[in-house]
Amino acid sequence: MEKPWNFLVELPVIEGEGLGEEREMTMVMHFEQEPNIRDLRNHPPETLETLRRLLASGARVEADPKRPNFYELQHGPEVFYIYLSPVTGQILLLATWTSEDSAAAQSHRAA
């Protein structure tokens, strides 16, 4: 059975300055068909539609280092925490939150 999604691994992103540079791989999650998203927390329909659109167009994701098949996807200030079932390909939307970096930048601009 062919999986309805794929991952593209991009070139390493270099973060940090000087001697403390860290290299991290970024991945792009892309669904060739409309992703099957199950909402476990009753998020607004607009949130689900945004996630669906991001996954259909190819979204950069960061794997959770402690949990296999769990990913964070950031879009502007909003972060989506999802689980991708390796068996069914179904996406479970577990949580969303506003990025601390984005919130800090907004409060700094308001000051």
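The values are calculated or read from the model by the stated rules, or taken from the named source; none is laboratory data. Just so it is clear, the model here is predicted, and its values are computed rather than measured.
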* Asked: When TYR81 is evaluated against the numbered criteria (1) at pLDDT 95 or above; (2) over 14 Å from the mean Cα position of the chain (by Cα), which criterion, by number, is the only one it fails?
  -> (2)
* What is the residue count in region 31-86 for residues that are small (Gly, Ala, Ser) and part of a strand (DSSP E or B)? -> 2
